[in-house]
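The values are calculated or read from the model by the stated rules, or taken from the named source; none is laboratory data. Quantities reported herein were computed from a predicted structural model and do not represent experimental measurements. Every residue, glycine among them, receives a Cβ derived from its backbone with ideal geometry; neighbour counts consider all protein chains shown.
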Amino acid sequence: MTENADDILTRLPARLKEARRAQGLSLEAVANLSGVSRSMVSQIERGESSPTIATLWNLTRALQVDFAGLLEDGEAADKIEVLRATDVPSIDNMGHGCRIQILSPPEEAGGHEVYDIRFEAGGALNSQPHTRGANEQLTVLEGSVQVTSGSASNTLNAGDTARYAADIAHSIQAGDQPARVFLIVKNA
């Protein structure tokens, strides 16, 4: 890092504000989580106060952001994070005759989740309601599946996409052939 302190202090307020908004937190919530007063958080975000290292550390922990990442220049964003197929976490004990691979990062759990699900012939994934307002978008990559959400049901074939409520009981079931789907879960 070959920057001067003024460059860092110019960038820091906006980065902290972006991190707070990305988490959907109010100034009051950040104050409660960090132990830094609401007025101090506001002053830091407006660039009217320079935080101590201890204050900055408390704020980054509350916002769940990387301390060093807040201070780096934009070049740090020029990277590609890769998750190799051999490292993709999977769940084999949900439903029957299906294997769920988790494609979304762990920090997205409960928010925006992405899955690759492979079904054996007749395999099924029956889900209880998610949080209020949750919905799913499913695209069939191979085979065909029956999607049910509440009392609505529809058969989808390879290439078809369905969007449906996930805050009620819902299920995905393969027909008499194996199937593969790409599933996005968006919790409200």
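Checked against the criterion of being at pLDDT below 90, charged (D, E, K, R) and assigned by TED's automatic domain parsing to the domain that holds Thr10, the candidates Asp92, Asp66 yield just one match: Asp66.
At pLDDT below 95 and touching a helix residue (DSSP H, G or I) at 6+ places or on another chain (Cβ under 9 Å) - does that describe any residue in region 119-130? Among the residues of region 119-130, not one is at pLDDT below 95 and touching a helix residue (DSSP H, G or I) at 6+ places or on another chain (Cβ under 9 Å), which makes the answer no. Close Cβ contacts (under 7 Å, 6 or more residues apart or on different chains) running from residues in region 98-124 that are at positive phi to residues that are surrounded by fewer than 17 Cβ atoms within 10 Å (Cβ to Cβ) and in a strand (DSSP E or B) comprise Gly122/Gly97. Say we look at region 126-168 and pick out the residues that are over 18 Å from Asn187 (Cβ atoms) and among the β-branched types (Val, Ile, Thr); which of these is surrounded by the most Cβ atoms within 10 Å (Cβ to Cβ)? Looking at the filtered set, the residue picked out is Val145.
Residues in region 126-138: is at least one in a strand (DSSP E or B) and basic (Lys, Arg)?
no
Within region 118-125, not a single residue is over 17 Å from Ala179 (Cα atoms) and surrounded by fewer than 17 Cβ atoms within 10 Å (Cβ to Cβ).
Filter region 169-181 down to the residues that are polar (S, T, N, Q) and surrounded by fewer than 17 Cβ atoms within 10 Å (Cβ to Cβ), then identify the one that is nearest to Arg118 (Cα to Cα).
Among those residues, the one meeting the criterion is Gln177.
Applying the set (1) at pLDDT below 80; (2) touching an Asp or Glu at 6+ places or on another chain (Cβ under 7 Å); (3) more than 30 Å from Thr10 (Cβ to Cβ) to Asp73 leaves exactly one unmet item: (3).
With respect to Asn154, determine if the residue is free of Cβ contacts under 8 Å to residues at least 12 places away in the same chain, more than 25 Å from Gly24 (Cα to Cα) and assigned to a strand (DSSP E or B). Yes. For region 11-45, a residue qualifies if it is of a type in the set (S, T, N, Q) and more than 21 Å from Ala188 (Cα to Cα), and the qualifying residues are Asn32, Ser34, Ser37, Ser39, Ser42, Gln43.
Among the residues of region 95-112, is any at pLDDT 95 or above and within 30 Å of Gln64 (Cα to Cα)? No - not one qualifying residue is present in region 95-112.
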